[in-house]
Amino acid sequence: MNVRISATSLKEKLPPELYYGAHLEGSIGKSTGQGWHGWNGLCPFHNDRRKGSLYINKVTGGFYCFSCGAKGGDILNFHQDRYGLSFRETLSQLGEVLHA
């Protein structure tokens with residue numbers, strides 16, 4: 001099934017909490033301290049053993065690993081980098097999940 005959806009529409013329908021909860025199940029730690037809008041977790045881009053290495057912004061979906069330097073501005077960047085997909089493939093794959 002080839003689902004066509006815009007990046008903006010996809011991000012509106014698939015909030016960071018839902019996306020990361022499904023794709024990093026068991027890898028996300030507790031929320032970061034007061035005033036921070038994010039989680040700490042294990043980074044899937046390297047052999048991580050410290051749950052504090054990866055920071056994920058709950059609002060934007062942006063991520064940054066303090067160990068390996070992996071970074072991106074939203075869930076689309078994360079999905080594309082993690083699975084080695086093109087931008088169009090990422091939109092199509094996540095769009096299919098939403099319409100399943």
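Of all residues being among the polar types (S, T, N, Q) and either assigned to a loop (DSSP other than H, G, I, E, B) or surrounded by 19 or more Cβ atoms within 10 Å (Cβ to Cβ) (or both) in the stretch 13-34, which is modelled with the highest pLDDT? Just the residue, please.
S27
Could you say whether any residue in the stretch 66-75 is closer than 15 Å to H23 by Cα and under 12 Å from the mean Cα position of the chain (by Cα)?
The answer is yes; a qualifying residue exists.
List pairs: first residue in the stretch 6-26 and farther than 13 Å from Q93 by Cα, second residue at pLDDT below 90 anywhere in the structure, Cβ distance under 7 angstrom, at least six positions apart or on different chains.
K13/L98; P16/K58; E17/K58; Y20/I28; L24/G41
Being under 10 Å from F45 (Cβ atoms) and of a type in the set (F, W, Y) is the filter here; which residues of the stretch 64-84 pass it?
F78
The values are calculated or read from the model by the stated rules, or taken from the named source; none is laboratory data. Here the structure is a predicted model, which means the values were calculated and not measured. Here Cβ is always computed from backbone atoms with ideal geometry, including for glycine, and neighbour counts include all displayed protein chains.
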